[in-house]
Structures are given as C-alpha cells and as structure tokens.
Amino acid sequence: KNHAAQSYDYAYTAFQTTDVRPDGHVWDVYSDIPGGTPPYLYAFGQTGGGVGEGSGYNREHSWPQAWFGGGSPMYTDLWILYPTDTKVNGYRANLPYGTVGSPSITSSNGSKVGPNTAAGYAGTVFEPIDSYKGDLARSNFYVATRYFGQDAGWPGSPATSGANPLPWYAEMFTSWSQ
C-alpha cells in the first residue's frame with residue numbers, strides 16, 4: 001500500500017530481477033519445466049511473438065485485468081504480473097485457473113485448457129503445471145487481501161466476486177498453495 005506505481009512497460013525491466021532463471025534466461029511459468037528441459041527459453045528483450053509457442057514472451061496478469069477492470073494500481077502490480085509465452089498467455093486469456101481432466105489444448109510444458117473438474121464450476125479453465133500452482137495461488141490470494149475493500153465496480157468473473165475468490169476457487173488455491 002502507498003507504493004510508487006511504475007509503468008506497465010517497466011515490468012519488462014523488473015522481470016530482469018524478479019523473474020530471471022539461474023542461467024540468465026526469462027523465468028516463464030507457462031513454458032518452464034523445473035528440473036527438466038524446457039521446450040524453449042527466452043532472452044530478456046525477446047518480447048512479442050504469438051504465431052506459435054517459443055516465438056516471444058509478454059506480461060501475464062495472473063488475476064486477469066478483465067476481472068478488475070484494468071485500472072491502476074492492479075494493472076502494473078508486479079505481484080500479479082508474470083512473463084509468459086505470448087501464445088500460451090493467449091490460450092489462458094481471461095480463463096480462471098482450474099483442474100483440467102480432458103484438455104482441448106496442451107502447451108509444450110504441459111499447461112492445459114479444458115473443462116474444470118473441481119467441484120463448484122463446470123466451465124473452461126486453464127491449468128498450469130504443478131510446479132507453479134502454489135505461486136499462482138499465492139498471487140491470487142495477494143489480490144484478495146491487498147485490494148479487499150477497494151474492489152467496488154470490479155466486473156468479477158466466474159471465479160471471483162470483486163476481489164474475493166468464490167468458494168470453489170479459494171478451496172482450490174488453498175490446496176495448490178500447500
């Protein structure tokens with residue numbers, strides 16, 4: 001609270017400190033495979049792309065901006081911004097995170113899009129790989145805590161009411177964070 005908000009473009013500079021792999025590449029939660037060999041790696045500055053996976057990275061709001069209306073300071077809040085493959089970010093779009101049983105899309109690192117199997121929501125969701133579920137859950141709990149009481153007018157989503165995760169979402173994130 002009471003921080004100095006940076007520009008959205010500044011996120012690319014911040015990522016060089018906040019999201020750098022030990023080998024100096026971009027730490028992309030939608031393409032990295034911890035302990036394995038990622039299908040591709042990004043150098044800082046290799047932004048853009050979107051034609052196919054591995055063609056560039058951009059900034060992903062782990063709490064989609066459509067859910068909060070795109071306003072500041074959430075729009076530039078580094079606690080919910082991650083560098084991610086542009087194509088896979090497009091797969092996720094504004095979908096809630098969830099648990100996918102029968103994927104309609106599977107990315108190169110194993111992230112999936114498909115019908116949710118968790119009780120409480122039957123719509124389409126995006127499931128990241130297990131290695132990043134805790135990080136993404138904690139980012140979403142951060143929004144619920146940090147912006148609690150400042151969410152009047154937020155559009156919400158199938159997973160949230162303002163800054164509050166709906167019960168199915170909160171239960172899933174509690175499990176993921178453990």
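The values are calculated or read from the model by the stated rules, or taken from the named source; none is laboratory data. As the structure is a computational prediction, the values presented were derived from the model and not from experiment. Note that each Cβ is placed from the backbone with ideal geometry, even for glycine, and that neighbours are counted across all protein chains shown. Just so you know, the surface numbers come from the protein's heavy atoms only, side chains and all, with ligands and any DNA or RNA stripped out. Shrake-Rupley method; radii C 1.70, N 1.55, O 1.52, S 1.80 Å.
A compact table of results
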item: Which listed residue is out of contact with any Leu (no Cβ under 9 Å at 6 or more places or on another chain), small (G, A, S), open to solvent by less than 70 Å² (accessible area, probe 1.4 Å) and touching a residue at least 24 places away in the same chain (Cβ under 8 Å), from G110, G153, G114, G123; result: G110
item: From the options P103, P96, residue that is open to solvent by less than 50 Å² (accessible area, probe 1.4 Å) and modelled with pLDDT of 95 or more; result: P96
item: Tally, over the stretch 87-144, of residues that are within 25 Å of S55 (Cβ to Cβ) and acidic (D, E); result: 2
item: Filter result for K133 (without any contact (Cβ under 8 Å) to a residue 60 or more places away in the chain, among the charged types (D, E, K, R), open to solvent by less than 50 Å² (accessible area, probe 1.4 Å) and not in a loop (DSSP other than H, G, I, E, B)); result: yes
item: Residue pairs meeting the criteria (Cβ under 6 Å; at least 6 apart or on separate chains; first closer than 12 Å to N58 by Cβ and in a strand (DSSP E or B), in the stretch 81-96; second charged (D, E, K, R) and open to solvent by 30 Å² or more (accessible area, probe 1.4 Å)); result: L81/R59; D85/E53
item: Unmet requirement for D77, which otherwise passes all of (1) open to solvent by 50 Å² or more (accessible area, probe 1.4 Å); (2) modelled with pLDDT under 95; (3) charged (D, E, K, R); result: (1)
